[in-house]
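What follows is a set of notes on a single structure, which appears directly below.
Each reported figure results from applying straightforward, stated rules to the coordinates on display, with no laboratory input. What you are looking at is a predicted structure, and each value in this text was computed from that prediction instead of being measured. Please note: Cβ atoms are built from the backbone with ideal geometry, for glycine as well, and neighbour counts cover all protein chains shown.
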Amino acid sequence: MPWKGKLDLIFFWFNKIIKSKSKIFLSCLTAFILGIALARFWSVDDLIAFTGLLIATFLMMIFWRRNQARFLFLFIILFLFGFWRFQVSNPDFSEINKIYHYNNQSVSFVGQIKNIDRRVINQKLTIESEEVKIDGKKHEVSGSVLVSLPLYPEYVINQQVAVYCRLMKPEKIEDFDYEKYLGRYGIYSVCSFSQISVIKQPEQNLCSVFSSLLDRFRIWLNDPVVKAMTEPQASILQAMITGSRGGIPQYWLDKFSAAGISHIIAISGTNITIMATMFMFVSLNIGINRKRAFWLAAGGIFIFLLVVGDQASAIRAGIMGIVMLYGKKIGRLGGALNAILFSAALMLIVNPQLLFYDAGFQLSYLAFIGIVYLAPLVTPAFSRLPDFLEIREMVIMTISAQIITLPLILFSFHRLSVVALIVNILVLPVIPFLTVYGLVNVLAGAIWLPLGKILGFVSWLAIGYIMKIAEWGTSLPYASLELKNFNSMFLIISYLGITFWLSWPIIKKQKNNE
């Protein structure tokens, strides 16, 4: 009987799901992501996984007219596809047509520059290899190499270059798994002390001209900030507005991390949402209807992403910001859950490694779940907070996101910022104003530097306030604690507890109905 009761319950929920297109879509996305998740811990031969995929597809076609069978096989297909997709994304170091096959050897290779990360004292080029020369023989290859070089001379995207260096496999740096960190971008080879020469300049087509114009526009925005304001305030404002964190001293990066406010100097969903919310607020208050205001705000986010560049975190944040706007447009933020999971699935199709090795990816989507489901439970605690310029909503969203991401942060970084809650409460009311005002400040300085300097005084004061709060918070006894024993078991228990907390209102309602 117990087993019969359990099976009846499974069939009850199964029949309930297949009656809703929205739930079917959500279940299919979950199946795909679950397949990727399990492939990380359990592997089978690629041929077996692919054969299972074909068989399930064949059976779905046979039983297409039966709703239950069609949905069941569709679920299995997407699960197996996720499983197979993760397995084929793992590098095979025996493939001679991959650049990482030649790790631990001195080689000369040719490739195109695909990304440039300029730091304070050096620059890192991501080069997509095309040809490698070793022992006098040339081989066609593919795969990315991260090349570390001095800050000068400068290079540009899509230049074809020849590099001579010793290819190395990325190694762990203390507790930091550098190999997995780069592996999420498909980079399995690094080299330093390189000799590099430009073979060919980028071809002048429409895309390259547009890319060059965007690069110049970014420089046009960033340079006046440095000239109009003292450091480190200038670099912090750059990070908040354009995503450029290279100039922030490590001292302040550590301070912000210990205080639990690193999210304010990253292009995250929070920053994008602040900009979008303020854009909506202004549009609605000048008489633009909600539908048009949504499209204006979405267009603003798109333009902002073009300016920031193709950073994965910025693209993810942009998608989430637009989805949140859409949720507000239709009046149901929860209705945007399918859209946000769809965006996650699309990113995982391209790069399934993100699910395990990109903390930003994990934290972003967890934060969205927190904003959708936890914010209603948190809202009463902040009812007395002023709602001027949407400050209350920004604080509620940020606190909800932090609560639900805390267990993962503890598991990933083994550090608890005890003062994070109070520091965030003191800092967050300033962030919406600083984000919008800072953008105006940057644009004004780019147009006319003296005006940027005048407006920059207010930005300098606001950032100085944030720095003072961070210093005060981290100076308190036991402000930050190391939790090296926070393992996967504690992670699971924590999220079971949060799930129960989120489910309790529903359970309570069902009990009252009975």
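Classification of segment 338-424 by its C-alpha gyration tensor yields an oblate form. The axis ratio a/c (a ≥ b ≥ c) is 1.5 or more, and b/c is at least a/b. The calculated 222 nm mean residue ellipticity attributable to helices in the chain amounts to -20500 deg cm²/dmol, summing -39500 (n - 2.57) over DSSP H runs of n ≥ 4 and dividing by all residues. When E95, E179 are sorted by how many other C-beta atoms sit within 10 angstrom of their C-beta, beginning with the fewest, the order is E95, E179.
What is the P(r) of segment 14-159, as percent of Cα-Cα pairs per 10 Å bin from 0? Here the calculated profile for segment 14-159 is 10, 25, 21, 19, 16, 8, 1.
Between Y181 and D135, the contour length at 0.36 nm per residue exceeds the Cα-Cα span by 13.4 nm.
In order along segment 395-405, phi translates into HN-Hα couplings of 5, 4, 5, 5, 5, 4, 5, 5, 4, 6, 8 Hz, rounded to whole numbers, per the Karplus curve 6.51 cos²θ - 1.76 cosθ + 1.60 with θ = phi - 60° and x for Gly and Pro.
Within 12 Å, Cβ to Cβ, of V190, how many net charges do the neighbouring residues add up to if Lys/Arg are +1 and Asp/Glu are -1? With Lys, Arg at +1 and Asp, Glu at -1, the net is +1.
Listing I127, I219, I469, I322 from fewest to most neighbouring C-beta atoms within 10 Å gives I219, I469, I322, I127.
Semi-axes of the equivalent ellipsoid for the chain, computed as √(5λ) from the eigenvalues of its C-alpha gyration tensor and ordered from largest down, come to 38, 35, 23 Å.
Over 27 Å between Cα atoms, which of K137/K169; K124/K169; K138/K172 qualify? Table pairs above 27 Å Cα-Cα are K138/K172.
When the listed pairs K21/K114; K180/K200; K255/K484 are checked against a 30 Å cut-off, the alpha-carbon distance exceeds it for K21/K114; K180/K200. The radius of gyration of the Cα set in segment 99-200, together with its Dmax, comes out at 12.9, 40 angstrom. Model label sites at E231 and N285, defined 7 Å from Cα along the beta-carbon direction, differ in position by 3.7 nm. Applying 1/(1 + (r/R0)^6) with R0 = 41 Å to the Cβ-Cβ distance of F382 and D46 gives a FRET efficiency near 0.20. Residues whose amide H comes within less than 5 Å of that of V418, counting only those at least five positions distant or on another chain, are S480, L481 (H built at 1.01 Å from N in the peptide plane). Cβ-Cβ distance of W504 and I349, R₀ of 35 Å, FRET efficiency by 1/(1 + (r/R0)^6): the value works out to about 0.50.
In a reduced charge model with +1 at each Lys and Arg Cβ and -1 at each Asp and Glu Cβ, the chain shows a dipole moment near 1780 debye about its Cα centre.
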